[in-house]
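Some notes on the structure that comes next.
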């Protein structure tokens, strides 16, 4: 065997509100060796206007950075690159425009991840790059959001993501560039109010050691070292002294601190105010800086790719259990959906290894979560739950797709309500909707008797269900009636179903 056969290069990119980061690593057997880090200050959040639209200048800055990253990633396979976008692209109404243009520059899918998923990955990045401890608290202050997590080993146990970041707080509380005790107090109080509802849970759970990750906390750590605190530890008292020091200057532009870069200077004061609020609100005695962050979390999850599938499976199982889903019935639908998919996946241009196949199976398992609310319009309730519940391991677009699949599982096909996707083409999504609907109909009687999966063939837009058993519908008149109703639904949207 070739010695290099088990060696591959992987890359993770974090599209943050202030900076874009890329880390490249080499996977050698079970070891992950970091090769290079790349960082570009993009200030994406600065381009978000009052209507939450990104301006052209910020989009162009982002695309220029991605073009540079693309040079480094030439020759990389898609499965070895993972790109996660965070707070600003979660907020931006025109994020889809950025994603469309980005795909032309960097030919890899970009996932917009929910805040709590960002927090989980940050924790994973810190946990993999720090010595083992019984329990750890992790804080990450980004440009637009702040993540706070307590976990043990590699498992986060308490996760929160709050909309407070150094770029957004700088705009709100230091917009005039003025450094004053009043501005610091306003920013700190606002952060404390955000933390008020969750602080007691962190204090109650406790932790053995606290870490801070990413640029804001790294900059604070380096400035404290420059002020003579050689151990690099961050404490509330040291932050208070730092605030007093900052107030010696009239404006942000005037700041001259050893260890503070020109690029970090504009948002430094806001970051200090947020961190001070966190440390006092949840009683953190001392905070260590960690090099690990979101991008490292993405890397380590890729290096152990089956782990992500395990996380998603655990997520779906927990959600099914919480909403009292009939798992035997769901498993039958999943089985029929899988068999139908395998018969036609080449015809519809979807690989067996595709994410779409996995999402089809998960939607089959979770299509009835809405029954826990009401039988009436349960498909809409299911869609709402899957769209808005925290689902570890799933990015925002994957959750949206799950919600769409279960929303269209029954009744009239109101295709005008079918939303566009960035990571998945519409033809593939529609194929999954058709498969899921057919799998559900085959199990409509909720019988203990196993129904054999019929043959499914495709000729253009015409889908045909058949069986070598001529009596397959004669012996199941309810199934035939359900399929005839389905034919009518398909006919109304110019689809053709032959039975």
For the range 436-451, which positions are part of a loop (DSSP other than H, G, I, E, B) and surrounded by 12 or more Cβ atoms within 10 Å (Cβ to Cβ)?
443, 444, 445, 447, 451
Based on this model, can you work out whether residue 298 counts as outside any loop (DSSP other than H, G, I, E, B) and either in contact with a helix residue (DSSP H, G or I) (Cβ under 9 Å, 6 or more places away or on another chain) or under 23 Å from residue 115 (Cα atoms) (or both)?
yes
Can you list residue pairs whose Cβ atoms sit under 7 Å apart, with the first residue in the range 149-168 being assigned by TED's automatic domain parsing to the domain that holds residue 271 and farther than 17 Å from residue 44 by Cβ and the second being surrounded by fewer than 24 Cβ atoms within 10 Å (Cβ to Cβ) and modelled with pLDDT under 90? Count only pairs 6 or more apart in sequence or on different chains.
152/134
For the range 212-230, check the following and say yes or no: at least one residue is assigned to a strand (DSSP E or B) and in contact with a helix residue (DSSP H, G or I) (Cβ under 6 Å, 6 or more places away or on another chain).
yes
Take the range 366-382 and flag every residue that is surrounded by fewer than 22 Cβ atoms within 10 Å (Cβ to Cβ) and in contact (Cβ under 8 Å) with a residue 24 or more places away in the chain.
371, 372, 379, 380
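Table: residues versus (1) modelled with pLDDT under 95; (2) assigned to a helix (DSSP H, G or I); (3) surrounded by fewer than 24 Cβ atoms within 10 Å (Cβ to Cβ).
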residue	(1), (2), (3)
111	yes, no, yes
120	yes, yes, no
133	yes, no, yes
158	no, no, yes
175	yes, no, yes
185	no, yes, yes
If we scan the range 23-38, do we find a residue that is in contact with a strand residue (DSSP E or B) (Cβ under 6 Å, 6 or more places away or on another chain), surrounded by fewer than 18 Cβ atoms within 10 Å (Cβ to Cβ) and under 18 Å from residue 105 (Cα atoms)?
yes
If a residue must be exposed (fewer than 14 other Cβ atoms within 10 Å of the Cβ) and either outside the structural domain of residue 144 (by TED's automatic domain parsing) or closer than 20 Å to residue 180 by Cβ (or both), how many such residues does the range 246-282 contain?
6
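The values are calculated or read from the model by the stated rules, or taken from the named source; none is laboratory data. Just so we're clear, the structure is a prediction, and the values are computed from it rather than from any experiment. Note that each Cβ is placed from the backbone with ideal geometry, even for glycine, and that neighbours are counted across all protein chains shown.
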